[in-house]
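What follows is a short report on a single structure.
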Amino acid sequence: MTADTKIPPPGVALARGPPATCEYEASCAHAIETSLGIQGLGVHREHDRIVREIARTVDGTDPFAAVVRASQMAMVITDPLQDDNPIVFANDAFCTLTGYGRDEILGRNCRFLQEADTDPVEIGRLREAIEGRVPVEAQLLNRRKDGSLFWNRIYLSPVFEGDALTYFVASQVDVTSEKARLTRLETDREALEREVERRTRDLSRSEERLRFVLQAGRLGSWSLDLADMRFVASETFKLALGRDPGDPLSRAEYETLIHPDDRARRDVAVAECIAGHGDYDVEYRIVKPTGEVRWLKIRGQPFYGADGAPSRLAGIALDVTERKHAEAHRALLANELNHRVKNTLATVQSIVAQTLRANMSPQETRDVIQGRIHSLAAATDVLTRESWDGATLAAVAATALAPFRTEGDRRITIRGPEVMLTPRLALAFSMAFHELATNAVKYGALTSEVGRILLDWDIIDGLRPETLRLTWRESEGPPVCPPTRRGFGSRMIERALADELQGRAEIDYRPDGVVFIAEARMPDIRRPDQSRSPA
């Protein structure tokens, strides 16, 4: 059939022309058309004629006739000029495929193989192709003579002689196994899709949980591709670096944020990790764009490619600035505590040694040592409450004199502006107040029922630098006589305290009562405000 072949429209009577000259074409259907040269007869006579023609041409030169007869592919020829387009030829392969004998096949329409479950859409496609006299491929569920079902793939082609349609040739293949395999594949595909969907859903949930954990723990994540050195940082990490979380961050930009003094140490840690010497674990400083310095703890591990070489580093980042500050503060406190303990032990040792040199009875010696150590302990308590940053003069005085103020302010009055003492001055004043009060109980104003003590201090603004002047004044006690010798307490007050104050500390044994005056320069003393704070 050539491109100029004219096919009559559906409904127009089909006429058979004379046998065409045998011309070989590329399609099997056209080859059958040109080689057989058959005219319409009765079904069985037509079949016999086709068989004789095939037998004759097999011994001749036409190879396509031999193909039709000997082919393992089931083939039938139908005659559209007869009523209901019956089968007029069936090869042995078709008989084998269906289980029917040739006498049971010839004269019947191909639909006799159809099953109730045969796809009506595919049947419709076949009917449209037959009515339109065009080739078609369809796949139908058919039933064999023994009742077994099979999937039949049909390749239907029209055969023309000149302009007239003469036959339909249908090649058929049992694709049951293929269909079953495709069904299994489809089932497996659907199961795989469900599994992929489930795992994708689980992965999404895991990512959400991980994202929550990272954000809740303020953990940033990062990765570095060792091939192209592409650096990826999470939003939390960018925030820790002082960057906008929506802006990209390259490795070169990140490198500029690392503190210059820490880059070499960081580079060594990276090199050791890549060399296979363990995970990446290092702490270093970064400098934010604002100039603020922060500490980061970076942990990561290498990931390896198929060749066994590391291809990527990935891990987490945590801002540990507060921890670093806390560690530094703890170290400072430990050093300060060590220093304070040594000083305290030295002070206790000095108290005991000096007290033992005095000419006192064992009972008096014990009482004096206990009192002085108690005063030292009380001053230490005040400093401890203030985290050893110092203490107010009012608090030191109130604590040191508390054992002697059984009647409150009636016997001992404390007043003065709010000033802060360094830890060393707080201890020195506490010991001095204890010694003065002890002497007042033994020899001074507190030996009588009406004796009084006024502890007063103020800031002398007229002096440069500003000076704190403190006065201890006893009154209404027995007459005072200057001592014939100075004991440890007096020496500690006048010498040791004067050295600590970098000023003066003097005891005046006046007949009407002891007066103690101490002066200290204000650079060693902090004055929060000018309010007076009676204790």
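The values are calculated or read from the model by the stated rules, or taken from the named source; none is laboratory data. Note that the structure is a prediction, hence the values are computed from the model and not measured. Heads up, the Cβs are rebuilt from the backbone with ideal geometry, glycines too, and the neighbour counts pull from every protein chain shown.
Does GLY101 count as touching a residue at least 60 places away in the same chain (Cβ under 8 Å) and over 15 Å from ASP174 (Cα atoms)? So GLY101 does not fit the description; no.
How many residues are part of a loop (DSSP other than H, G, I, E, B) and touching a strand residue (DSSP E or B) at 6+ places or on another chain (Cβ under 7 Å) if we restrict to segment 74-103?
Of segment 74-103, the ones part of a loop (DSSP other than H, G, I, E, B) are 79-86, 91, 99-101.
Next cut, touching a strand residue (DSSP E or B) at 6+ places or on another chain (Cβ under 7 Å) only: 79-80, 85-86, 91.
So the count comes out to 5.
Within segment 520-533, can one find any residue that is within 20 Å of HIS434 (Cβ to Cβ) and modelled with pLDDT of 75 or more? It would help to see each step written out before you state the result.
Let us first name the residues in segment 520-533 that are within 20 Å of HIS434 (Cβ to Cβ), namely 520.
Restricting the remaining residues to those that are modelled with pLDDT of 75 or more gives 520.
Yes, because at least one residue in segment 520-533 is within 20 Å of HIS434 (Cβ to Cβ) and modelled with pLDDT of 75 or more.
Considered as a group, the residues in segment 169-195 that are acidic (Asp, Glu) and over 28 Å from ASN91 (Cα atoms) include one that is farthest from the chain's Cα centre (by Cα), and that residue is GLU186. Residues in segment 198-206 include none that are acidic (Asp, Glu), touching a residue at least 40 places away in the same chain (Cβ under 8 Å) and out of contact with any strand residue (DSSP E or B) (no Cβ under 7 Å at 6 or more places or on another chain). Cβ-Cβ contacts under 7 Å between residues 6 or more apart (or on different chains), taken from a first residue in segment 468-486 that is assigned by TED's automatic domain parsing to the domain that holds ALA426 and closer than 15 Å to GLU506 by Cα to a second residue that is in a loop (DSSP other than H, G, I, E, B) and not acidic (Asp, Glu), are listed as LEU468/VAL419; GLU474/GLY444; GLU474/GLY451. Filtered by the rule that a residue be surrounded by fewer than 21 Cβ atoms within 10 Å (Cβ to Cβ) and under 29 Å from ARG366 (Cα atoms), segment 447-473 gives THR447, SER448, GLU449, VAL450, GLY451, ARG452, LEU454, ARG473.
Of all residues in segment 104-141, those that are in a strand (DSSP E or B) and touching a Ser or Thr at 6+ places or on another chain (Cβ under 7 Å) total 2.
For every residue, the table says whether it meets (1) within 14 Å of LEU501 (Cβ to Cβ); (2) without any contact (Cβ under 8 Å) to a residue 60 or more places away in the chain; (3) part of a helix (DSSP H, G or I).
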site	(1), (2), (3)
THR413	no, no, no
PHE429	yes, no, yes
GLU435	no, no, yes
ALA440	no, no, yes
LEU446	no, yes, yes
ASP456	no, yes, no
ILE459	no, no, no
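Applying the criterion of at least 3 residues that are outside the structural domain of GLN301 (by TED's automatic domain parsing) and loosely packed, with under 12 Cβ neighbours inside 10 Å to the helices (runs of 4 or more DSSP H) found wholly in segment 163-278 leaves 176-216.
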